[in-house]
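Visitor: Sharing a structure here in structure tokens format.
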2 protein chains.
Amino acid sequence: MMRTRPLKVALLGCGVVGSEVARIMTTHADDLAARIGAPVELAGIAVRRPDRVREGVPAELVTTDATALVKRGDIDVVVEVIGGIEPARTLITTAFEHGASVVSANKALVAQDGAALHAAAEEQGADLYYEAAVAGAIPLVRPLRESLVGDKVNRVLGIVNGTTNFILDRMDSSGAGYSEALDEATALGYAEADPTADVEGFDAAAKAAILAGIAFHTRVRLDDVHREGLTEVTAADIASAKRMGCTVKLLAICERAADGLSVTARVHPAMIPLSHPLASVREAYNAVFVEADAAGQLMFYGPGAGGSPTASAVLGDLVAACRNKLNGGRGPGESAYTRLPVGPMGEVVTRYHISLDVADKPGVLAQVATVFAEHGVSIDTVRQTGKDGHGAATGVSADGGGGASLVVVTHRASDAALSATVETLRQLDTVRGVASIMRVEGE
Amino acid sequence: MMRTRPLKVALLGCGVVGSEVARIMTTHADDLAARIGAPVELAGIAVRRPDRVREGVPAELVTTDATALVKRGDIDVVVEVIGGIEPARTLITTAFEHGASVVSANKALVAQDGAALHAAAEEQGADLYYEAAVAGAIPLVRPLRESLVGDKVNRVLGIVNGTTNFILDRMDSSGAGYSEALDEATALGYAEADPTADVEGFDAAAKAAILAGIAFHTRVRLDDVHREGLTEVTAADIASAKRMGCTVKLLAICERAADGLSVTARVHPAMIPLSHPLASVREAYNAVFVEADAAGQLMFYGPGAGGSPTASAVLGDLVAACRNKLNGGRGPGESAYTRLPVGPMGEVVTRYHISLDVADKPGVLAQVATVFAEHGVSIDTVRQTGKDGHGAATGVSADGGGGASLVVVTHRASDAALSATVETLRQLDTVRGVASIMRVEGE
């Protein structure tokens, strides 16, 4: 039954992921052929630095001319693992124009230009797959695009960046500060020399945009995602979370609004209860919850990055693209028919943990509570502590000039209401500063 | 772009799952049409008892003649949610003969006759999908068949039966015995009036056969799966597990042998450490670990049964089958090319927790330890307890005629070696009985 002409694959990029893709394609060639129904052949590998020896990568296939490779005309599937916007975007578009399907691991590009790429694929009757762009080896794009396509997804919530999870895990387990934990992550290879994309939440935001778009069948661009990194998370925040029976995670949260008329997507640090399954996601692992009308609550867990896991996702997509080339089928295209607008952060409703530096004198709590009430933000719990670490008295302090810390946890409120509350609090004479504001999720 | 002739769907069975499928197809018709690219229409619903009123199910579509329905010739996709072997098997085969693709939630049938059903589908160029047959709404069949198709899966380990997990969870949390916990499960609707299929492990074994076949690209039949139910799990076993920092779960475990030349599939109760993520899977939830060469360790978690979750899985498959009808593609067929044989239970290597009733007199431990050593089974830990609950002395008991309990936990050993060990132990005068043997997994 197996045809003999092999399917030809061009590999763009041969770094940590690409070299692993090449290795598996070579060592598992027989398995891949059996699973696809035809042999699959690595026809060329485009790299920037051909002099770098890559173990197990056939040297005769290496070229620096990626454009010529994707223009060859005999390539069935192009695998793009370069990353970044250009030249990846132009190469992918050129690949479609020359009849190839594309498998990409490029979250930044898919998040920014997914709609245009899908349109280019559609025009040529080609496939665009990108499981590897989100959460490494964890099947998430395919389950959302295909398994849950008959359901109504209301929420996607998870840890989608391994670097920041490693840092927060270290801060939580050792009491280390952010800088110290980042240094450890860098030393162990979990953080890049320039960690901006991870620690400022850009990487997670790109994934949130992709997941929200698929989950809600609408277009969500990177710019639509509210983004806060973890550089301002302090050891004191982690300690405060612990006192509440919580831990701090950098979460990506995509939600359908209660009225169903809009969606939101955001990335920020948040406290979650230790009893929540995401609380026990350690080191650089990823985990994502999906809540759907009929399916209920699902969780997907696994390694969110790394050469081998990402290569696993790429190869799954490669087999799908090859099978379609062989059988004439088509992978799912862009599904954005709901045209649901992406709402502003102010519309997001959640709980908040606010830490205030206040004067340790009578009436402060009453003043603060009044401000919350005036903005319609209901308080769940309040905890006061003197600067010396002892509990401060609620307005019965012996030292009227001293400082104290006041921690307020609210009930659910809109981000807009909370922001207005904090704005007013800052103007109180008795509030010396807002030490931190953190959302509380997963309850 | 959307064609106007609707795709026609025949629904076989309208119980808990079927009625939910019909309801969602009606209420979400517009969404399904947008996602498929053509409207999808419920063309007929075959039931045994047409007089039973089903809310939201169009009465004019109901028929008792399932055979006539699948023979109509204008049906694009048949959804089979009857369960059991016949008449489901004949109806599905007839559906293929009349050009339809089939979506089934029937684990027993797929486990028993999957190869023949796949062949029948293949012959007609039709699709056979069955995500709902394993672990309800949790995407597991598609991730294994498609997402991980470029990887090498070595192990699938999980909780795939909600009824038994509910029972074990109750036994663990309340100290209840098996019968009491089963009664509670029955009262709450988690167990059927005849719970045999669940508590004897038949349901989990069918799922294990399906998962092993997909994971290892070979044929695994229901009869190939070693099966032990949980009816003999006692409150004492659960208590003993707790003392070890473990809990007891009914696990389905599919493994590639260390030499890669065979696979095994088994279902049995096992102790797992409380630190293992499966230990915290509560009530009727399911969770499955998949270990693959490149991907590493993945986990999938969610509701493993129930009308809505199962309907979610059915609808995902229905959209896929409809899209293929529309675009000319094909879902994955049977992949059994590795032809790996299924090894006997004796080849399985794991750890064991053995509880012995022994005479409380000098030399017993030495005797028992000698038997283990003679069979090449290495002991990890031993714990002795007097019948009165106090610690028994290792051969220095004041009461040479009394009874004691001896708990042995082994290192990894083959099931054959362990069985031979236990056989010899039973022949010792000092061993009055083997109270329980339980495997220890997930370490």
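Throughout, read-outs are computed from the coordinates displayed, never taken from laboratory work. This structure is a prediction, so every number in the text was calculated from the model and none was measured. Methodologically, a virtual Cβ is constructed for each residue, glycine included, from the backbone with ideal geometry; neighbour enumeration extends over all protein chains shown.
Visitor: To the nearest whole number, what is the average tally of beta carbon atoms from other chains within 10 Å of the beta carbons of peptide B:131-144? Numbers along the way, then the final one.
Guide: Numbers: counts 3, 0, 0, 0, 0, 3, 10, 7, 12, 3, 1, 5, 10, 1.
What the average comes to for B:131-144 is 4.
Visitor: About the Cα centre, and with charges only on the beta carbon of Lys, Arg (+1) and Asp, Glu (-1), how big is the dipole of the protein assembly as shown? Nearest 20 debye, please.
Guide: Values: 80 positive and 108 negative charges, 190 e Å.
Once rounded to the nearest 20, the dipole reads 920 debye.
Visitor: Past the 31 Å Cα-Cα mark, which pairs from A:107/B:249; B:152/B:242; A:207/B:152? Can you show the working numbers first?
Guide: Working: A:107/B:249 38 Å; B:152/B:242 35 Å; A:207/B:152 26 Å.
Cα-Cα > 31 Å for A:107/B:249; B:152/B:242; rest within.
Visitor: So, in nm, how far is label residue A:174 from label residue A:282 when the simple model puts each one 7 Å beyond its Cα toward the Cβ?
Guide: A separation of 1.5 nm, rounded to one decimal place.
Visitor: Can I ask one more? Quick query: amide H of residue A:257 versus all other amide H atoms, modeled in the peptide plane; which residues come in under 5 Å with a sequence gap of 5 or more or a different chain?
Guide: Here A:262, A:263, A:264 satisfy the definition.
Visitor: If a helix is a whole DSSP H run, which ones in chain A reach 20 Å or further along their own axis (Cα) and hold a mean Kyte-Doolittle hydropathy of at least 1.0?
Guide: A:202-216
Visitor: How crowded by other chains is B:97-109, given as the mean number of beta carbons from other chains within 10 Å of each beta carbon? Show your work: numbers first, answer last.
Guide: Details: counts 0, 0, 0, 0, 0, 0, 0, 0, 0, 0, 0, 0, 0.
That works out to 0 on average.
Visitor: While we're here: Using the Karplus curve 6.51 cos²θ - 1.76 cosθ + 1.60 with θ = phi - 60°, work out ³J(HN,Hα) for each residue of the range B:432-439 in order, rounded to whole Hz, and write x for Gly and Pro.
Guide: 7, x, 9, 5, 6, 10, 9, 7
Visitor: Can you classify the protein assembly as shown as rounded, prolate or oblate using the Cα gyration tensor, where a ≥ b ≥ c are the square roots of its eigenvalues, rounded means a/c under 1.5, and otherwise it's prolate if a/b beats b/c and oblate if not? Don't skip to the answer; put the middle values down first.
Guide: Values: a/c = 1.40, a/b = 1.01, b/c = 1.39.
Because its axes are fairly even, with a/c under 1.5, the protein assembly as shown counts as rounded.
Visitor: Rounded to whole Hz and in sequence order, give me ³J(HN,Hα) for the range A:253-270 from the Karplus expression 6.51 cos²θ - 1.76 cosθ + 1.60, θ = phi - 60°, writing x for Gly and Pro.
Guide: My calculation for the range A:253-270 gives 10, 10, 9, 7, 5, 4, 7, x, 9, 8, 10, 9, 9, 8, 9, 6, x, 8 Hz in order.
Visitor: Let me ask you something else. What is the magnitude of the charge dipole of chain B about its Cα centre, with +1 placed on the Cβ of each Lys and Arg, -1 on the Cβ of each Asp and Glu, and no other charges, expressed in debye to the nearest 20? Present the calculation step by step, with values, prior to reporting the outcome.
Guide: Working: 40 positive and 54 negative charges, 151 e Å.
Magnitude of the dipole: close to 720 debye.
Visitor: When you look at the Cβ of every residue in B:302-315, what mean number of other chain Cβ atoms sits within 10 Å? Mind dumping the intermediate values first?
Guide: Values: counts 9, 5, 0, 0, 3, 1, 6, 7, 2, 5, 12, 6, 2, 7.
That average works out to 5.
Visitor: Please give the FRET efficiency for residue A:412 paired with residue A:232, using the beta carbon to beta carbon distance and R0 = 25 Å, rounded to the nearest 0.05. Can you show the working numbers first?
Guide: Details: r = 23 Å, r/R0 = 0.94.
Efficiency for this residue pair is about 0.60.
Visitor: Dipole of the range B:156-241, Cα-centred, from +1 at each Lys and Arg C-beta and -1 at each Asp and Glu C-beta, to the nearest 20 debye? The partial results should precede the final answer.
Guide: Working: 5 positive and 15 negative charges, 97 e Å.
Charge dipole of the range B:156-241: 460 debye, to the nearest 20.
Visitor: Right, next: Using amide H atoms built 1.01 Å from N in the peptide plane, name the residues 5+ places from residue A:402, or on other chains, whose amide H lies under 5 Å from its own.
Guide: Those qualifying (amide H under 5 Å, at least 5 residues apart or on another chain) are A:360.
Visitor: Would you order A:159, A:437 from fewest to most other beta-carbon atoms within 10 Å of each residue's own beta-carbon? Please list the in-between numbers first.
Guide: Values: A:159 25, A:437 18.
The most exposed by this proxy come first: A:437, A:159.
Visitor: To continue, here is another question. Going toward the positive end of the dipole of the range B:60-217, with +1 on Lys and Arg Cβ and -1 on Asp and Glu Cβ, which of B:196, B:93, B:176 do you reach last?
Guide: B:93
Visitor: Which percentage, to the nearest 5, of the DSSP beta bridges contained in the protein assembly as shown is antiparallel? Can you show the working numbers first?
Guide: Numbers: 109 of 155 bridges.
Antiparallel: roughly 70 percent of the beta bridges in the protein assembly as shown.
Visitor: Additional query: Extending each Cα 7 Å along its Cβ direction at residue B:68 and residue B:259, get the distance between those two points in nm, one decimal.
Guide: Calculated label separation equals 5.9 nm.
Visitor: Using Cα-only point scatterers and the Debye equation, what is log10 of I(q)/I(0) for the range A:141-303 at each q in 0.15, 0.16 Å⁻¹, rounded to two decimals?
Guide: Calculated log10 I(q)/I(0) at the listed q: -0.78, -0.88.
Visitor: Also: Reachable lysines from residue B:8, Cα under 17 Å, same-chain residues fewer than 8 places away excluded?
Guide: Candidates past the 8-residue exclusion: B:71, B:325.
Visitor: What is the extension gain from residue A:429 to residue A:223, computed as 0.36 nm multiplied by their sequence separation minus the C-alpha to C-alpha distance, in nm to one decimal?
Guide: On the way: separation 206, 0.36 × 206 = 74.16 nm, distance 3.68 nm.
Once the chain is fully extended between residue A:429 and residue A:223, it gains 70.5 nm.
Visitor: Each label point is 7 Å from the Cα along the Cα-to-Cβ direction; what then is the distance between the points at residue B:27 and residue A:186, in nm?
Guide: 5.3 nm
Visitor: How would you rank B:23-36, B:237-250, A:420-433, highest first, on the average number of other Cβ atoms within 10 Å across their residues? Numbers along the way, then the final one.
Guide: Working: B:23-36: 18.1, B:237-250: 20.2, A:420-433: 15.7.
Averaged packing, sorted descending, gives the order B:237-250, B:23-36, A:420-433.
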